[in-house]
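Take a look at the structure below.
The values are calculated or read from the model by the stated rules, or taken from the named source; none is laboratory data. Since the model is a prediction, treat every value here as computed from it, not as a measurement. Reconstructed Cβ throughout: ideal geometry from the backbone, glycine too, with neighbour counts over all protein chains shown. Heavy atoms of the whole protein, side chains included, go into the accessibility calculation; ligands, DNA and RNA do not. Shrake-Rupley method; radii C 1.70, N 1.55, O 1.52, S 1.80 Å.
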Amino acid sequence: MCQYCEQFTGDSRNREDRARVDLFQGGDNRYELFVTHSIDDESECYLTILDNKDCNSVISVQINFCPVCGRKL
């Protein structure tokens, strides 16, 4: 398990909390890319891109493995 695929415990509305798990690592100021877990079923994980301009999800794709460490989610 790496910092990107462990369960996010911060406030998803707080940009500083999200920065810990941003796969772009601050390289892009407009978008954030991170792994999220479904509220209804924690076994469902998604790779989500968030637009910082309006804080809306641009795209969210269900994934089975962490894109960084390869661990089965």
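Give the residues of region 24-63 that are without any contact (Cβ under 8 Å) to a residue 40 or more places away in the chain and under 11 Å from C5 (Cβ atoms), sorted by residue number.
Within region 24-63, F34, V35, T36, H37, L47, I63 qualify.
Within region 43-73, how many residues are acidic (D, E) and either under 11 Å from the mean Cα position of the chain (by Cα) or open to solvent by 70 Å² or more (accessible area, probe 1.4 Å) (or both)?
Matching residues across region 43-73 total 1.
So which residues in region 1-54 are under 15 Å from G70 (Cα atoms) and among the aromatic types (F, W, Y), if there are any at all?
The answer is Y4, F34, Y46.
Looking only at region 5-42, which residues are part of a loop (DSSP other than H, G, I, E, B), open to solvent by 60 Å² or more (accessible area, probe 1.4 Å) and closer than 15 Å to N56 by Cα?
Across region 5-42, the qualifying residues are S12, R13, N29, R30.
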